[in-house]
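To start, the structure under review is shown below, and the notes come after it.
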């Protein structure tokens, strides 16, 4: 298993998905060797062996901005300096070298690579061992850049990886469609395996602390409805439309507050936009938060909006559902393929989003129906079922055992 | 000896679907039923014209032919008031063809609520108004008096039967549901418990649903169903009994079962086969009641409908959104009526149509059986959202009218 992050050293959903998937696979009887590009303690992970490709700390790796390809990547691996660990390509080169050695000594039955970050390593491992390669696409460069552009070198790596893969896994129908349309890959090579949610993971004695968002709680007691989103503040996430919808909704119904949890390059623009629209006092920015504050942000909210322009899956919607939120999704969000009891809108449709927000805020019966019904739905999704699908895919690709 | 007969009863109805009526329309635009986009499932004109082509025109043509060919062929129709309104507006030829059917004297019109509402369960005053409005519309259009009553979605209980008895109907229709019938057969005329002069006809749901639901289903072991086989089944069912009540949506023919399933040819052939046997005939609902005395009493203390495996009202009132939506509507009754504003009253009544709350049903969504969700809306929550925005606009109009009271959200 070739990955880029695992909790608690993750910056987003990729690490969470990799963790649960590996765990469920291990329970299903797979021996999983998981490679990460950094060195750190992963307490609580005893179901698989974690291999560190470099001696970087997870924080140093964050500094690279690798996850969302925020830094400019221009070099091919040949040109990259393997000793320059401040450079994204240097780290990836080190990662590839490490995987080459590991693959030869481990002789895996299947190589399972997650996203472009590890695709080059996956291809090399396949070359050296002849083991079948599964490329698992959690997001493409088209999703990350939020438009038609994006980094040409990353596109190239993705294209190579998709061509070389024996089987491609897409986290949603939306992602599968992108792989077919933008990369020209035949549909029958791609299988959709949606992510799931592990509710027991949240079952750690957590209790909502009313004091964390004391001001929001005070607003709630005055009849305000809290609308939240928890995400990276990048173009891909469509937050400017959420703010425009917030302004539109507030023009009709005043008792609304918007909690924007996260950080990213768009943050200053969003603050400015809220001010331009005259609703700065309605929008609450928390910055990047973890742990209890992060869970309390779900708990304080009445409804959760995923405003993404392009969202391959969107695990946060399931987390929000678990914490009792009504869910509003763009039609461009893959998680919508596994949820029915939600509001949907097209990411540009500010009017409809405003209408839906006011509907939830002004009708308890609608809010409660959405909250209760989606709770019944997400609880049916399980990582165990995901692992079963992967075991079948693995089995179909190799005659013996799994690694 | 009376002949044994089929009581064929078809129900024709189209609602005024609510457009994507946003909260930003509330208090400004009052055109709830006119979706500006023609090519949507919410555009009532478009839907009516489409179904007219697929179902009403070819089916009425076939019925006219059957009536001309077979002097024994008879049937009964219920046509909701708002169906007639829409037909007058968008397909007057369809209404003319219904008139020609009724003019044969062998097609009976069944009474119901004008607005296809569940008013009986909320307001007897409003309910009776709608029954009367429907009776006079039928009188005006077809020149006939209705004598037998069917409630919306065949929602029936003992107190409805008592009401219909006192009101002067000679018959009433209900589902022939096994837990009610127990060992008894639906193929007889019954008397509702606690009534004096009214008879009860109960739907033979197996033989009705073979046509209405299963006919075109290729996964059904009996597919494809031939007129001969179906004729055998009906003959078997009626042995030693009086009638077989085949009740179904009119739109079964051509809309629920498309023409390419062979539904029209099948039915035409079946009618011919059935009448080949000289002891067989057809009855209208009144004809069956005149011909046969009730064989026993039937009691339904709880409401039974013709829908779903539950045969109850859960498809319309199963969740809080549906219950609240109708509660909001009926809570306005007095304020609406004392405006004497015909447009406002008419809009309010169109919102009572049971289809609106049906679109808010979530039971298929949470069961994961989304494909069972037939609706012009993306989800039950959208259906509720647009409806509640309309409810607010009604309140706003009331507020303007009376200059009193709050808007209540």
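Model label points for residue B:239 and residue B:144, set 7 angstrom from Cα along the Cα-to-Cβ axis, are 3.4 nm apart. For segment B:159-256, averaging the sequence separation of C-alpha pairs within contact (under 8 Å, six or more residues apart) and dividing by the residue count gives a relative contact order of 29 percent. Using only Cα atoms and rounding to the nearest 10 degrees, what angle (0 to 90) does helix B:227-238 make with the longest principal axis of chain B? Here the helix axis deviates by roughly 90 degrees.
Site pair residue B:136 and residue A:388 shows an inter-label distance of 6.3 nm when each label is modelled 7 Å from Cα along Cα→Cβ.
Highest GNM mean-square fluctuation among A:272, A:331, A:94, for chain A modelled with Cα contacts below 10 Å: A:272. Between residue A:285 and residue B:3, the FRET efficiency from the beta-carbon distance, with R0 = 60 Å, is close to 0.15. For chain A, the ratio of Cα radius of gyration to the globular rule of thumb 2.2 N^0.38 Å stands at 0.99. Residue by residue along A:353-361, Cβ atoms of other protein chains within 10 Å of the local Cβ number 4 on average.
Pairs of Cα atoms nearer than 8 Å and 6+ residues apart set the relative contact order; for segment A:201-378 it is 23 percent. Mean per-residue shielding of peptide B:20-29 is 4, counting Cβ atoms of other chains within 10 Å of each Cβ.
The smallest convex shape that holds all Cα atoms of segment A:162-239, its convex hull, gives 174 Å³ per residue.
Kindly express, to the nearest 10 degrees and within the range 0 to 90, the angle between helix B:320-331's C-alpha long axis and the longest C-alpha principal axis of chain B. On a 0 to 90 degree scale, this one is about 70. In chain B, helical runs assigned H by DSSP with n ≥ 4 each contribute -39500 (n - 2.57); averaged across all residues and rounded to the nearest 500, the mean residue ellipticity at 222 nm is -13000 deg cm²/dmol.
Here residue B:183 and residue B:369 are evaluated by their C-beta separation; at R0 = 30 Å the FRET efficiency comes out at 0.40. State whether segment B:4-298 is rounded, prolate or oblate according to the following rule on the C-alpha gyration tensor (a ≥ b ≥ c being the square roots of its eigenvalues): a/c under 1.5 gives rounded; otherwise a/b larger than b/c gives prolate, and the remaining case gives oblate. Oblate, because a/c is 1.5 or more while a/b does not exceed b/c.
Helices in chain A, meaning DSSP H runs of at least 4 residues, each add -39500 (n - 2.57). Divided by all residues, the mean residue ellipticity at 222 nm is -13500 deg cm²/dmol. Relative to the current alpha-carbon distance between residue B:219 and residue B:125, full extension at 0.36 nm per residue lengthens the span by 29.2 nm. Determine the shape class of segment A:201-378: with a ≥ b ≥ c the square roots of the Cα gyration tensor eigenvalues, call it rounded for a/c under 1.5, and otherwise prolate if a/b is greater than b/c, oblate otherwise. Judged from the Cα gyration tensor, segment A:201-378 comes out rounded (a/c under 1.5). Length available on full extension from residue B:226 to residue B:70: 0.36 nm per residue minus the Cα-Cα distance, which gives 54.1 nm. One equal scatterer on each Cα of the protein assembly as shown, no solvent, Debye formula: the resulting log10 I(q)/I(0) at q = 0.09 Å⁻¹ is -0.94.
Using 0.36 nm times the number of residues separating residue A:346 and residue A:396, minus their current alpha carbon distance, what extension gain do you get?
14.2 nm
Seen against the Cα atoms of chain B and their longest principal axis, helix B:380-402 is set at about 60 degrees.
When DSSP beta bridges are restricted to pairs lying wholly in chain A, around 5% turn out antiparallel. The label point for residue A:251 and the one for residue A:202, both projected 7 Å from the Cα toward the Cβ, are 3.5 nm apart.
Comparing Cα centroids, segment B:122-162 and segment A:19-53 end up 69 angstrom apart. Counting Cβ atoms of other protein chains within 10 Å of each Cβ in A:365-372 and taking the mean gives 6. Between B:68, B:372, B:155, the residue with the greatest mean-square fluctuation in the GNM of chain B (Cα pairs under 10 Å linked by springs) is B:372.
Each part reduced to its alpha carbon centroid, segment A:320-361 and segment B:40-55 end up 29 Å apart. Once you've got the GNM for chain B with C-alpha springs shorter than 10 Å, pick whichever of B:202, B:300, B:337 has the biggest mean-square fluctuation. Checking each option, the largest mean-square fluctuation is seen for B:337.
Note: relative contact order over chain B, using C-alpha pairs below 8 Å and six or more positions apart, is 23 percent. Judged by the gyration tensor of its Cα atoms, with axes a ≥ b ≥ c, segment B:60-114 is oblate; a/c meets the 1.5 cut and b/c is at least as large as a/b. Here segment B:346-402 and segment A:222-255 have alpha carbon centers that stand 25 Å from each other.
Laboratory data are not the source of any read-out in this text; all were calculated from the coordinates shown. These numbers were taken from a predicted model, which means no experiment stands behind them. Note that each Cβ is placed from the backbone with ideal geometry, even for glycine, and that neighbours are counted across all protein chains shown.
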